[in-house]
Structure formats: C-alpha cells, structure tokens
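For reference, the structure is listed below as structure tokens.
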Amino acid sequence: IMEGVSPLALSCLRIVGATIVLLPFVRRSEMPKQIEGKDIVLLILMGTMGVAGAIVLQFLGTNRTLASHVSLLTGLEPIFTVLLASFFLREHLNFRILASLFFALCGAIFVSVDPSSLKIFSGQFFIGNSLIVGSILCYSLYTLIGKYLAPRWGTMTLTAIGFGIATLLLIPIG
C-alpha cells in the first residue's frame, strides 16, 4: 500500500478517519469553563506536532528505511517520553526508573536489530531513521501535553481536539 499511495495521503486518511470516530465522544462538560490562552497554544501544538507531525513523519520515515529500524526506534518512544517528562514536567528520575529505561533500550535492541546492522544513523537509511526519530519526539510531545491538559479537559476530548486540528491542517494538503 505504501507504493500506491503517498505517505501524506495515508496520514490524512488515518487522521480524518480517527477524527470522525472521536468527534461524537467530545463532551462540553469535560472542557474547562474558562479556556486559557496557554491551553489554546498547547492544543494547537498537540494537534499539529503531536498528531499531524508524528503521523506524517512516521509514514515518510517508514517509506525510507527498514522495518527493523522502525521497530527499534519506535521502541525508544517510552524512553524519550520519560526523559522529556523529567525535563518539561519536572518529573523525578530515580535509580529504578533509569534502570528500567536502560533495560527497555537493551530489550528494544535485542528484539529488533541484527547485531551486524547496528549502524542505524549512517548510510542509505539515515533520512528515514531521522524522520522516525522526529515522529517519536512528536508522539512524546503529544503524550506530555496530554498529561498536562488532561485534568482540565478530559482525555477523550483532548484526543478528539488534537485529531480535529490535525484534520484541518492536513485536508488541504493531503
């Protein structure tokens, strides 16, 4: 399917489909009574980077690298999320968390990669792998913004708004 349809069109189809499914679940009662300007900026960032950016970069990267590289790099998403949460949300990293991250990294490498092909960021797959890392960072950003906004907005409403913003962004170009 990747050869017959452009990555942008696939991204658009995925996001529009999800938006159609999610919209009926949006409840005004889950939204805050007063919407702060900071929330609007974060919602736009969540939809543009966390949904549209992540999915578009994922499809573009997958089209330019090996499935084993995508698997390994995607397995690193929780590690990026935890590290970014410690930086942006000031979440505490203790020895147990750091050890868990180390073992998660080792597990992702063990399961996903042939030891002879550990040169992930060199050669012909550099661009594809870099796009996948960009996608992972966007997904991590989406998770962090969602965690920050969820107590005031509700998770289903946040998800629908994020996908709605991504739909508005991608329909004209998809």
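The values are calculated or read from the model by the stated rules, or taken from the named source; none is laboratory data. The structure displayed is predicted, hence computed values, not measured ones. Because the Cβ atoms are built from the backbone with ideal geometry, glycine has one as well, and the counts that use them run over all protein chains shown. Keep in mind that these areas ignore ligands, DNA and RNA; they rest on the heavy atoms of the full protein, side chains included. Shrake-Rupley method; radii C 1.70, N 1.55, O 1.52, S 1.80 Å.
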Cβ-Cβ FRET estimate between Val26 and Phe88, R0 fixed at 41 Å, reported to 0.05: 0.95
In order through segment 68-85: 3J(HN,Hα) via Karplus (6.51 cos²θ - 1.76 cosθ + 1.60), integer Hz, x for Gly, Pro: 5, 5, 4, 4, 4, 5, 5, x, 8, 4, x, 5, 4, 4, 5, 5, 5, 5
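Could you please state how large a percent of the accessible area of segment 17-161 is carbon and sulfur, counting protein chains only and using a 1.4 Å probe? Walk me through the intermediate numbers first.
Numbers: 5940 of 8350 Å².
Reported share for carbon and sulfur atoms: 71 percent.
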Dipole magnitude of the chain, debye to nearest 20 (Cβ charges: Lys/Arg +1, Asp/Glu -1, about Cα centre): 360
Radius of gyration and maximum dimension Dmax of the chain, Cα, Å: 17.6, 56
Helix-derived mean residue ellipticity, 222 nm - over the chain, DSSP H n ≥ 4, -39500 (n - 2.57), to 500: -21500 deg cm²/dmol
Gained length - Ala9 relative to Ile40, 0.36 nm times residue gap less alpha-carbon distance: 8.5 nm
Under DSSP loop assignment and at most 15 Cβ neighbours within 10 Å, longest trypsin sites (Lys or Arg not before Pro)-free interval of the chain: 34-89
Cut-off under 5 Å, modelled amide H: who pairs with Arg64 long-range: none
